[in-house]
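Working notes, structure below.
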Amino acid sequence: MNKVQLAKDIYYVGAVDWNLRDFHGYTTPRGVTYNSYLIVDEKICLIDTVKAPFAGELLERISQIIDPAKIDYVVTNHIEPDHSSSLPMIMARAPQAKVILTEHGRTGILKHYQQNYDFQVVKEGDILDL
């Protein structure tokens, strides 16, 4: 699957797990999606990542648009590993990127991955200027 342009400079770069049939107690006869989006503006922002086995697909889709090393921000809305476990692979390719998340998110990411990334903790109402 290639990247999907949703609007000018906004792309879907996520992945589909066609084989997952039970997602947190819900029957998923057609699998599940791990939604991730790339915004390319003055700054480049990746919104959410995907489950680790799909990190290669995510990086391939991003690479169809930009060099992953150019990512400035990785917004992490969902810290559970089924959605965030490719974060270490993304950060390895974009080590200068800031990880944008809440304080609760920072605590969870530190517990899951034991990596002290360049965190920018935000709260409701904060604005990220791209």
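The values are calculated or read from the model by the stated rules, or taken from the named source; none is laboratory data. For clarity, every value in this text was computed on a predicted model and none was experimentally measured. Cβ coordinates were reconstructed from backbone atoms using ideal geometry, including for glycine residues, and neighbour counts include every protein chain displayed.
Within region 85-102, is even one residue farther than 25 Å from Gly56 by Cβ and modelled with pLDDT of 95 or more?
yes
Hey, can you tell me all the residues within region 12-40 that are more than 12 Å from the chain's Cα centre (by Cα) and either of a type in the set (Phe, Trp, Tyr) or loosely packed, with under 12 Cβ neighbours inside 10 Å (or both)?
Listed by number, the residues that qualify are Trp18, Asn19, Asp22, Phe23, His24, Gly25, Tyr26, Thr27, Pro29, Arg30.
Might you let me know whether region 2-10 holds any residue that is touching a strand residue (DSSP E or B) at 6+ places or on another chain (Cβ under 6 Å) and more than 26 Å from Leu128 (Cα to Cα)?
So far as region 2-10 goes, no, none of its residues is touching a strand residue (DSSP E or B) at 6+ places or on another chain (Cβ under 6 Å) and more than 26 Å from Leu128 (Cα to Cα).
Condition check: surrounded by fewer than 16 Cβ atoms within 10 Å (Cβ to Cβ) and either among the basic types (Lys, Arg) or under 14 Å from the mean Cα position of the chain (by Cα) (or both). Does Lys70 satisfy that?
Values: surrounded by fewer than 16 Cβ atoms within 10 Å (Cβ to Cβ): yes; either among the basic types (Lys, Arg) or under 14 Å from the mean Cα position of the chain (by Cα) (or both): yes.
Yes, satisfied.
Working only within region 52-71, note down all residues that are part of a helix (DSSP H, G or I), free of Cβ contacts under 8 Å to residues at least 60 places away in the same chain and under 18 Å from Tyr11 (Cα atoms). Outline the logic, then answer.
First, pick out the residues of region 52-71 that are part of a helix (DSSP H, G or I): 52-63, 68-70.
Still in the running and free of Cβ contacts under 8 Å to residues at least 60 places away in the same chain: 52-60, 62-63, 68-70.
Answer for region 52-71, where residues must be part of a helix (DSSP H, G or I), free of Cβ contacts under 8 Å to residues at least 60 places away in the same chain and under 18 Å from Tyr11 (Cα atoms): Phe54, Ala55, Gly56, Glu57, Leu58, Leu59, Glu60, Ile62, Ser63, Pro68, Ala69, Lys70.
What are the residue pairs meeting all of these: first residue in region 72-94, first residue outside any helix (DSSP H, G or I), second residue crowded, with 19+ Cβ neighbours inside 10 Å and among the acidic types (Asp, Glu), Cβ atoms under 9 Å, and 6 or more apart or on different chains?
Val74/Asp48; Val75/Asp48; Thr76/Asp48; Asn77/Asp48; His78/Asp48
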